[in-house]
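What follows is a single structure, written as structure tokens, with notes after it.
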Amino acid sequence: MTVGVSRLAALLIAAAMYPWCAALAEPDLEGIWSIDPSLFRQYSDAQYTDEGRRRVDSYNPSTDDPSYRCVPSGLGRAWDEPDTNVEIDQMEDRVIIRYEMFDLVRTVMLDRRGHPLVFEPSTVNIEGDPMPTMGHSIGWYEDDVLVIETVGHAPGYITTLLRYIPQSEALRSIERVYRDEQDRLVVDIGYVDPITLAAPLESRNRYLRSDFGMTVYGCIPDPPGEEA
Amino acid sequence: MSVWTHRRVLLAILWACAPGAPQAHHSVALNFTDDEITLHGAITSLRWVNPHCTFVLQVENGTGETEEWLVEMLARIALERQGFDFDLLHDGMVIQLTGRLGYRENNLRFVEAVRPDGGIVRERSPLQEVFRSQ
């Protein structure tokens, strides 16, 4: 066998094995998960810019929380939800994350090298309405971790549970999603927002395999007829 | 700001800072104080929905007028998963209700209700059992 043929054979074998090897490298995150009561909503201390502080001070929890309109205030809010499930489906070119709360479907494309110039929210609700506070996400795998980068967030609040941390259009978040040795899902998120945050913010939530299946949440604005 | 308002703000801050305080949907800690009151009245406009089950409690005040209080409970999905019996409360039922005062006027967070037969109705978040045991 000549050197050229050997090289060609090696290339063919490598090409044939690539999907198998890639699959081996990807973590299995699939399943229906619910928040682990022993580790959730662990946030570092938020340090605000003057603008961030101004937005915190002007926040009125009785009227400003987008949850009243069945809209997540931000990415952290979706992950922080205690009463509902999160389902993860991994496909070759995308990861689908379904948040039972507000019937949110988030599509994280894995085959993109960057974000579009005009952001389209990666998250929609059951009606197909875009959820711009959740931003535009792309993802990739780093060893056994799914990494998701999200930009293009509409102004809102990273979370509104226990604390309300404002976010601007300049927010960039990196989620690191992985399974630990006890078959629990861990989601670490780093947030950088030069308009509202004077220092990076970090959060961690952990999830267990849920005892319940996914349901249709069917959110109804609360209180009825009141717009936040 | 009155002493009463100061107390409410302080209580709210303390509650908000408590690790692991149970919250859902809109933040309970940020919308309700820890101050509990008990009212006697009739249930109307009961809605078993997400993100919050609600009803209006019609309460006769001291002057013979009827006040309406909006009472908020957990999400329907949370109640279902704890095995809550939705037949325990219904429109027209007269109950004794204990709830946490909201920052909005005539707004209460459901704590417990005593039915006409003396039965006590409570709810619990899936997380609350953990907090109780800590």
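Rule-based calculations on the coordinates, nothing more; no lab input. Quantities reported herein were computed from a predicted structural model and do not represent experimental measurements. Glycine also receives a Cβ, built like all others from the backbone with ideal geometry; neighbour counts cover every protein chain displayed.
A dipole drawn for the range A:149-216 from +1 and -1 charges on Cβ atoms has a positive end, and of A:177, A:215, A:153 the residue lying farthest that way is A:215.
Could you give the angle, 0 to 90 degrees to the nearest 10, between helix A:3-25's Cα long axis and the longest principal axis of the Cα atoms of chain A? Helix A:3-25 sits at roughly 30 degrees to that axis.
Amide H contacts of residue B:50: A:220, B:76, each under 5 Å away and 5 or more positions distant or on a separate chain (H built 1.01 Å from N in the peptide plane; Pro and chain starts excluded). Note on chain A: GNM, Cα springs under 10 Å; of A:172, A:113, A:206, the largest mean-square fluctuation is that of A:113.
Within the listed set A:116, A:130, A:166, the Gaussian network model of chain A (springs between alpha-carbon atoms below 10 Å) gives the highest mean-square fluctuation for A:116. Under a Gaussian network description of chain A, with springs only between Cα atoms under 10 Å, the residue in A:100, A:142, A:202 that fluctuates furthest is A:142. Charges were assigned to the Cβ only: +1 to each Lys and Arg, -1 to each Asp and Glu. The resulting dipole of the range A:142-228 about its Cα centre is roughly 160 debye.
For the pair the range A:52-109 and the range B:51-98, the centres of their Cα atoms are 28 angstrom apart.
Applying the Karplus relation 6.51 cos²θ - 1.76 cosθ + 1.60 with θ = phi - 60° to the range A:47-52 yields 3J(HN,Hα) values of 10, 9, 6, 4, 5, x Hz, where x marks Gly and Pro. A simple count of charges around residue A:110, restricted to other residues whose Cβ falls under 10 Å of its Cβ and scoring Lys, Arg +1 and Asp, Glu -1, yields -2. The alpha carbons of chain A occupy a box of 77, 40, 34 Å along the principal axes, longest dimension given first. Here chain A is assigned +1 on the Cβ of each Lys and Arg and -1 on the Cβ of each Asp and Glu. Its dipole about the Cα centre then comes out at about 560 debye.
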